[in-house]
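First comes the structure, then the notes that go with it.
The numbers here are math on the coordinates, done by the rules we state, and not lab data. Fair warning: this is a prediction, and the values are worked out from it, not measured in the lab. All Cβ positions, glycine included, derive from the backbone under ideal geometry; neighbour counts span all protein chains shown.
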Amino acid sequence: MKKLYSLVIPLYNEEQVIHECIKRVTDVMKDKDFDYEVIFVNDGSKDATETIVKQYCAEDAHLKLISFSRNFGHQTAITAGMDHSAGDAVIVMDADLQDPPEVVLQMIEKYEEGYDVVYAVRSKRKGETFFKKFTAKVFYRFLKSMCEVDIPVDTGDFRLISRQVCDVLKGLTERNRYVRGLVSWVGFKQTGIYYEREERFAGETKYPLKKMLKLSMDGITSFSTKPLKLTKWIGLVTTASGFIYLLVVIIQRLMGIRLQNGWIPAVIAILIVGGIQLIMSGINGEYIARIFDESKNRPLYIIREKVNMDE
Ligand code: UDP
Ligand code: MG
């Protein structure tokens, strides 16, 4: 029997790229010795994305659409696509053609060699700002040093996962998701392939700084508790410095040296120690907010409409 591959493509205001995306993906996937489905997840787009995809869906049954009731975010859109996929393996990719559809065939080859996860490592990133490339590079390495799970560096969500891995991921219902971390966490036989990340085909990035920061906080808080434990070390260092300074002042007094303008060191100390305390309480807040999110037990996403999908 022919293998079925599911492509999951999240869409948020992608009217400018969707035509080219469907064309490139179809060119790569059609007339092969496997079957395929493309699951577009419309993440609350406000432009014509949904109308355009529906027109294509009417002509080609390989193309399927899930529309959310509002914008739930990229990671949630990927999750919904995985939840509704039927393939022997599932491939997640961006709509803007930064992840070249041709690489999917290389992933399928690796899958057929027996790998459960084939992730795509960015050997080069074209057309992205220095700021984005730099912060991404630093973040991936920082995250790696923070967590016990081995999350590959310079790797986004562009990857293939087997049906077995997909089913395991379906059982992980945590809210503030960092999907690429979850895929590493589940284990199985994983391998990477290298590719050059292309420039966005058209339009603007849908990942402003705010969303990037949220994603990186989700990555860290989902896979490391080290920030929570930082408080005690900083506390130890500040307390020790306090005692050392006390000793210095006593010695100065004994030598007859009197401190002038004593309020200056006092103000500095209050600002530094007060600042550290607020930062640490903010870090605790990040974790508590996530516990709160989990405890509400709301669904991860709400689907408004499905096209070309059986119930
Ligand atoms: N995306 C989404 N929901 C969002 C933001 C982005 O579904 O809230 C989709 C977007 O349409 C694209 C993919 O996620 O298919 C990656 O987004 P983008 O290319 O803008 O991110 P970048 O490559 O700039 O990091
Ligand atoms: Mg992109």
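Overview of results
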read-out: Lys23/Asp150 FRET efficiency (R0 35 Å; Cβ-Cβ; nearest 0.05); value: 0.40
read-out: Length-normalised contact order of segment 163-311 in % [C-alpha pairs under 8 Å, at least 6 apart]; value: 37 percent
read-out: Given charges at Cβ of Lys, Arg, Asp, Glu: the chain dipole, positive-most of Val53, Cys147, Met309; value: Cys147
read-out: Virtual paramagnetic centre 7 Å along Cα→Cβ of Lys214, amide N under 19 Å, in segment 270-307; value: 283, 285-304
read-out: Computed FRET value (nearest 0.05) for Met255 with Ile276, which takes r as the C-beta separation and R₀ as 35 Å; value: 0.65
read-out: Hull volume in cubic angstrom per residue (convex hull over the Cα atoms of segment 132-220); value: 125 Å³
read-out: Cα-based equivalent ellipsoid of the chain: semi-axis lengths in Å, sorted from largest, via gyration tensor; value: 48, 20, 19
read-out: Given charges at beta-carbon only (K, R positive; D, E negative), |dipole| of the chain in Debye; value: 1900 debye
read-out: Nonlocal amide H pairs with Val8, under 5 Å, H built at 1.01 Å; value: Ile39, Ile91, Val92, Met93
read-out: Arg298/Thr225 FRET efficiency (R0 22 Å; Cβ-Cβ; nearest 0.05); value: 0.35
read-out: Ranking of Thr231, Thr76 by count of other Cβ atoms within 10 Å, fewest first; value: Thr231, Thr76
read-out: Dipole moment magnitude, nearest 20 debye, segment 203-311 about Cα centre, only Lys, Arg, Asp, Glu C-beta charged; value: 420 debye
read-out: Antiparallel %, DSSP beta bridges [both residues in the chain], to 5; value: 30 percent
read-out: P(r), alpha carbons of segment 83-182 - 10 Å bins starting at zero, rounded %; value: 13, 42, 36, 9
read-out: Straight-distance crosslink candidates among lysines, where the alpha carbon sits under 19 Å from Lys126 and sequence neighbours closer than 8 are dropped; value: Lys137, Lys206
read-out: Between helix 226-254 and the chain: long-axis angle, C-alpha atoms, 0 to 90°, nearest 10; value: 20 degrees
read-out: Rounded to whole Å, sorted largest first: equivalent-ellipsoid semi-axes of segment 62-122, Cα gyration tensor; value: 23, 14, 11
read-out: Largest-first ellipsoid semi-axes for segment 178-311, taking √(5λ) over the Cα gyration tensor eigenvalues, angstrom; value: 50, 19, 17
read-out: Lys2 versus Arg141: modelled label distance in nm, points set 7 Å from Cα along the beta carbon direction; value: 4.7 nm
read-out: Karplus-derived HN-Hα couplings along segment 185-193 (A = 6.51, B = -1.76, C = 1.60, θ = phi - 60°), whole Hz, x at Gly and Pro; value: 4, 5, x, 6, 7, 10, 8, x, 10
read-out: Cα-projected label distance for Lys189 with Glu102, points at 7 Å along beta-carbon direction, nm; value: 2.8 nm
read-out: Euclidean distance between Cα centres, segment 139-178 to segment 218-293, Å; value: 34 Å
read-out: Cα-Cα over 27 Å, subset of Lys54/Lys210; Lys23/Lys46; Lys23/Lys189; Lys211/Lys296; value: Lys54/Lys210; Lys23/Lys189
read-out: Between 0 and 90°, nearest 10: helix 49-59 axis offset from the chain longest Cα axis; value: 30 degrees
